[in-house]
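Rule-based calculations on the coordinates, nothing more; no lab input. The structure displayed is predicted, hence computed values, not measured ones. Counting neighbours? That spans all protein chains shown, and the Cβs are built from the backbone with ideal geometry, glycine included.
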2 protein chains.
Amino acid sequence: MKLLEDRILRDGNILPGGILKVDSFLNHRIDPQLLYEMAQELKRLYAGEEINIILTIEASGIALASLVGYVFGCPILFAKKSKSRNISDKVYAVEVESFTHGNTNTVLLSKEYLRPEHRVLIVDDFLATGAALVGLRAICEQAGATVVGAGIAIEKAFQGGGERLRAEGLRIESLARIAQMRDDGLSFCE
Amino acid sequence: MKLLEDRILRDGNILPGGILKVDSFLNHRIDPQLLYEMAQELKRLYAGEEINIILTIEASGIALASLVGYVFGCPILFAKKSKSRNISDKVYAVEVESFTHGNTNTVLLSKEYLRPEHRVLIVDDFLATGAALVGLRAICEQAGATVVGAGIAIEKAFQGGGERLRAEGLRIESLARIAQMRDDGLSFCE
C-alpha cells in the first residue's frame, strides 16, 4: 500500500537493533485517517470472505483494529497481556514473546467472546518473527474458531515470520512489507 | 447518551467492590459502531471548540480515542504505562493510581508530540476517582498545551472525581453518568 510505504519513508526512524520506530503515526501518536485508509485496503483485500470478528493484542494493535472493526462492521476482541500465570478456567491463555520489548507475556482472552462460529481476521501493527500471530492463532484454535487470515500494517519480511506462517497455509495481507533494513535506510518487497 | 445507557443496562455486569464490567462492548470485546456513535456525540457536544489533538491512556482508552480521532479528524496520542521509573528527559512523566487494578503506574508521553499549540480533548473509557484525568491534565500542563475538556464514556459520579474536577474548572462530558451502583443494579444521573 503506497500510502503507508510513503509514510514509513517520510516519518519512520530506524533505531539500532532492527527496531523501526513509527511512533509518530502508528504507535504512541496515531493518524486515524491513515488507519481508516488501511482498514479500507484490508476490506478490499478480504472482499468476498466472511469475517465476523476482529482479533488483536494490546496495546499497539488496538487503534488499527478499532478502525478495521468499524469498516468491516464487526466486533473487535483484544487479547490482554498479563504478567500473571494465575489463569482461571474462563480464559484462553498463550505465551507470546515480544521482539520489541525482549520479554514474554501471557496473553489472555475470555472464553465467552470467541466461539466456533467465529470467522476471525487477526489484526496487528507489526509482523516480525510472527510470535504474536502464532499466539493469536493458537487462541482461535483453542476456541474452535476459523482464522480467515491476518491483516498487518508493517511486515519485516527479512525476519521470516510471515514466510513461515504463509508456508503453513495462513493467509497474511501486510500493507507494507520491508525487504531489508539497515541503519541508513530500508527497502520494500517488490 | 441513551444508546450507551441502554447498553450498560443490557450488557453491563456489576462485580463486588464497585467494579462495573463492560467487557462485552467497551473493553476486551468492543463494539466499534457504538464507539462511532459515541464519538459523534462528543463531536456534537464540543461543536464550536477548536480541538487539534486527542489524548488518552493505554490500553482501554485507545479504542474509543481512535474513533474519536477519526470523527474529529485529528491525531491521537496515547500515554504509555510503565513500571519503570527510569525516565529520560525526552518524555513527560506522571504517576497515576488505577482504581480498577489497585496499583500505580508511571505514565509517559514523548515530549515531541505534545506542544503549546495543541488544544487537547482528553478521552477515556472510565472516570471514577479522576486519577487518570488528573495525570493526563498534568502532562498537558507540563507541555504548555491547552486542555479544552474531557470526553468520557462512563462516569461513576458517586466516586466524586468528576465533581471535584469540574469544580476546578475542567469541562467534562460523560456519555453515561452513574449516580448509584449496588450489587443488584445501578441508576443514572438525571
Amide H proximity to B:His118 below 5 Å, modelled H, separation 5+ or other chain, gives B:Thr146
Region A:1-88 pair-distance distribution - Cα-Cα, 5 Å bins, rounded %:
3, 12, 19, 20, 18, 13, 9, 5, 1, 0
On alpha carbon coordinates alone, what is the Rg over Rh value for region A:98-144, Rh being the Kirkwood radius?
0.99
GluC sites (Glu not before Pro) restricted to region B:35-88 and DSSP loop, no more than 10 other C-beta within 10 Å:
B:Glu50
Label-point separation, A:Arg44 to B:Leu9 (7 Å along Cα→Cβ), nm
4.4 nm
Which translational diffusion coefficient, to the nearest whole µm²/s, is obtained for region B:46-190 from the Stokes-Einstein equation, given a Kirkwood hydrodynamic radius over C-alpha pairs, 25 °C and 0.890 mPa s?
158 µm²/s
Let me see the pair-distance distribution of the protein assembly as shown: every alpha carbon pair, 10 Å bin width, integer percents in order.
5, 24, 34, 26, 10, 1, 0
Within 10 Å of each Cβ of A:68-74, how many other protein chain Cβ atoms are there on average?
4
